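Report on the following structure.
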């Protein structure tokens with residue numbers, strides 16, 4: 001059964017607030033809409049619509065499930081570095097030539113809104 005629109009909006013608002021407060025910047029300081037657009041453009045194909053690693057492009061080793069406790073237990077500085085510099089011996093390429101550090105922070109803020 002689909003969740004009513006207003007419930008989804010309320011839930012996303014709470015999740016966004018919690019995510020922003022846990023990553024050390026106020027929600028107003030991050031542009032979640034830009035983060036979403038950039039995620040959809042650069043990350044969705046591999047990481048999937050909710051970051052679970054179930055995108056249409058598959059790799060060996062598999063891409064990270066961005067909602068996993070293994071990923072979420074890393075400090076935000078490490079997650080930002082993974083996006084910015086990539087991950088050796090994986091399909092995670094560097095995005096530093098494509099996205100600014102500010103844009104990378106927006107993408108991370110958006111990722112942290114995904115349901116766990």
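The values are calculated or read from the model by the stated rules, or taken from the named source; none is laboratory data. Since this is a predicted model, take the numbers as computed values, not measurements. Backbone-built Cβ (ideal geometry, glycine too); neighbour counts: all protein chains shown.
Overview of values
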read-out: Condition met for residue 19 (touching a helix residue (DSSP H, G or I) at 6+ places or on another chain (Cβ under 9 Å), crowded, with 17+ Cβ neighbours inside 10 Å and modelled with pLDDT under 95); value: yes
read-out: Any chance residue 116 is modelled with pLDDT of 95 or more and either touching a helix residue (DSSP H, G or I) at 6+ places or on another chain (Cβ under 9 Å) or exposed (fewer than 13 other Cβ atoms within 10 Å of the Cβ) (or both); value: no
read-out: Selection within the range 62-84 - outside any helix (DSSP H, G or I) and surrounded by 16 or more Cβ atoms within 10 Å (Cβ to Cβ); value: 63, 64, 65, 66, 67
read-out: Search result, residues across the range 32-61 that are more than 14 Å from residue 114 (Cα to Cα) and surrounded by 19 or more Cβ atoms within 10 Å (Cβ to Cβ); value: 38, 46
read-out: Residue check for residue 88: outside any helix (DSSP H, G or I) and at pLDDT below 95; value: yes
